[in-house]
Every structure is written in C-alpha cells, then in structure tokens.
Amino acid sequence: MKGTIVGTWIKTLRDLYGNDVVDESLKSVGWEPDRVITPLEDIDDDEVRRIFAKVSEKTGKNVNEIWREVGRQNIKTFSEWFPSYFAGRRLVNFLMMMDEVHLQLTKMIKGATPPRLIAKPVAKDAIEMEYVSKRKMYDYFLGLIEGSSKFFKEEISVEEVERGEKDGFSRLKVRIKFKNPVFEYKKNVWGLVPR
C-alpha cells in the first residue's frame with residue numbers, strides 16, 4: 001500500500017482511539033510512534049493488517065468494525081487533504097467520480113493499486129457501485145459510503161447486491177438509493193444524466 005493512504009489511516013486511528021492505543025499498535029510491528037510516512041512509500045499490506053489487529057485487541061472491537069469506523073471517518077481526513085475533490089459537489093457526483101480518481105492515481109503514483117469503484121446509474125434515485133480489489137476491504141468500503149453520506153448531509157440507504165471473488169479479485173456490489181431523485185431522463189441523450 002502507498003504511504004498516502006496508510007498515513008490517512010494512522011491519523012484516523014489516532015482521532016478515533018487515541019495516541020496510546022495507536023503508538024502501541026505501531027510498536028507491535030516495529031514502527032516508531034513518530035514515524036513519518038512519505039506519500040510514495042510502499043508499505044507492506046501485512047504490517048497494516050497487524051496494526052489494525054493490535055488496535056482491535058487494545059480496544060476490544062472487532063477488526064471489521066474498526067475498518068468500517070476508519071472508512072466513515074476517513075472521508076473527513078480526505079476532505080482536509082484533498083479539498084478539490086469535495087468542493088461544490090453532491091454525494092452522487094462524488095461517488096460517480098471515485099473510479100476515475102483512482103484510475104488517475106494509478107497513473108500518477110507508480111505502484112499504486114487502489115480499488116476500482118465502478119458506479120453506474122440504475123434508477124432516477126439510485127446507483128450501483130462495485131468495489132473490486134485484491135485486498136477484500138469490504139467494511140472499509142462500506143464505511144466510506146456511510147461517511148460520504150454524512151459528509152454531504154444526504155440521506156441514503158445501502159443494500160448489498162452481490163459479494164464474492166472472481167479472477168483473484170474480491171468484489172462487493174451495492175445499490176445506493178438516494179432520498180430524492182439524482183438523475184433524470186433527457187430526450188436525445190442515452191440513459192440517465194445527473195440532475
């Protein structure tokens with residue numbers, strides 16, 4: 001994993017559980033608590049999993065619950081670090097552009113492997129979004145959706161459509177229903193377009 005995302009996770013863990021818990025968790029994998037993580041640094045996935053497992057042990061919370069909480073909270077961290085992705089947007093626009101943002105990251109940062117987040121309109125008030133990754137971070141993905149809803153102050157419901165593995169990739173497809181219509185049909189345009 002790249003340092004950019006791991007740095008946001010560590011910051012979020014500190015915000016959620018405090019420095020003492022996170023410092024001990026970092027030490028458990030041989031990291032100094034004040035370690036500076038550079039954005040392009042490659043960090044072993046297993047070390048990150050072990051840090052989260054230690055936070056789970058220290059807090060008594062299930063590791064999946066921790067990933068979900070980090071996902072919810074990370075939207076706030078991302079909005080501080082990358083404000084241009086959030087400014088003047090609605091939730092549907094933000095979710096629809098996430099895959100493109102991740103594709104751009106893979107071009108800009110050598111070795112970056114963010115998940116695919118493929119979204120498509122399926123009704124005037126709903127999209128389907130598919131998470132595709134080798135990392136199987138389903139709870140983090142669901143937490144990001146929940147955190148995005150809170151950040152943009154838009155009420156949604158999320159229903160799991162499909163979960164499994166195919167071609168070595170973990171996949172989770174969800175249907176996100178908005179309280180109000182977010183798309184409309186227009187003449188001479190194929191399909192749904194943003195309102």
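The values are calculated or read from the model by the stated rules, or taken from the named source; none is laboratory data. Because the structure is predicted, anything quoted here is derived from the model rather than measured. Here the Cβ positions follow ideal geometry from the backbone for every residue, glycine too, while neighbour counts run over all protein chains shown.
When region 114-137 is filtered for residues that are under 28 Å from residue 47 (Cα atoms) and in contact (Cβ under 8 Å) with a residue 60 or more places away in the chain, the ones remaining, listed by number, are 114, 135, 137.
Just to be sure, is residue 72 in contact with a helix residue (DSSP H, G or I) (Cβ under 7 Å, 6 or more places away or on another chain) and charged (D, E, K, R)? Taking the combined requirement at face value, the residue satisfies it. With respect to the conditions (1) in a helix (DSSP H, G or I); (2) not assigned by TED's automatic domain parsing to the domain that holds residue 176, residue 99 lacks only one, and its number is (2). If you go through region 30-46 and keep only what is surrounded by fewer than 16 Cβ atoms within 10 Å (Cβ to Cβ) and farther than 18 Å from residue 139 by Cα, you end up with 30, 32, 33, 34, 35, 36, 38, 39, 40, 41, 42, 44. If you go through region 102-151 and keep only what is at pLDDT 85 or above, part of a helix (DSSP H, G or I) and either basic (Lys, Arg) or outside the structural domain of residue 167 (by TED's automatic domain parsing) (or both), you end up with just 150.
Scan region 134-166 for residues that are farther than 21 Å from residue 62 by Cα and either under 12 Å from the mean Cα position of the chain (by Cα) or of a type in the set (D, E, K, R) (or both) and the total you get is 10.
Among residues of region 56-68 that are in contact (Cβ under 8 Å) with a residue 60 or more places away in the chain and surrounded by fewer than 18 Cβ atoms within 10 Å (Cβ to Cβ), those with a beta-carbon under 7 Å from a residue that is of a type outside the set (Lys, Arg) and not in a loop (DSSP other than H, G, I, E, B) at least six positions away or on a different chain give the pairs 64/139. Of the residues that make up region 103-123, is at least one under 22 Å from residue 12 (Cα atoms), surrounded by fewer than 17 Cβ atoms within 10 Å (Cβ to Cβ) and touching a Pro at 6+ places or on another chain (Cβ under 7 Å)? So far as region 103-123 goes, yes, one or more of its residues are under 22 Å from residue 12 (Cα atoms), surrounded by fewer than 17 Cβ atoms within 10 Å (Cβ to Cβ) and touching a Pro at 6+ places or on another chain (Cβ under 7 Å).
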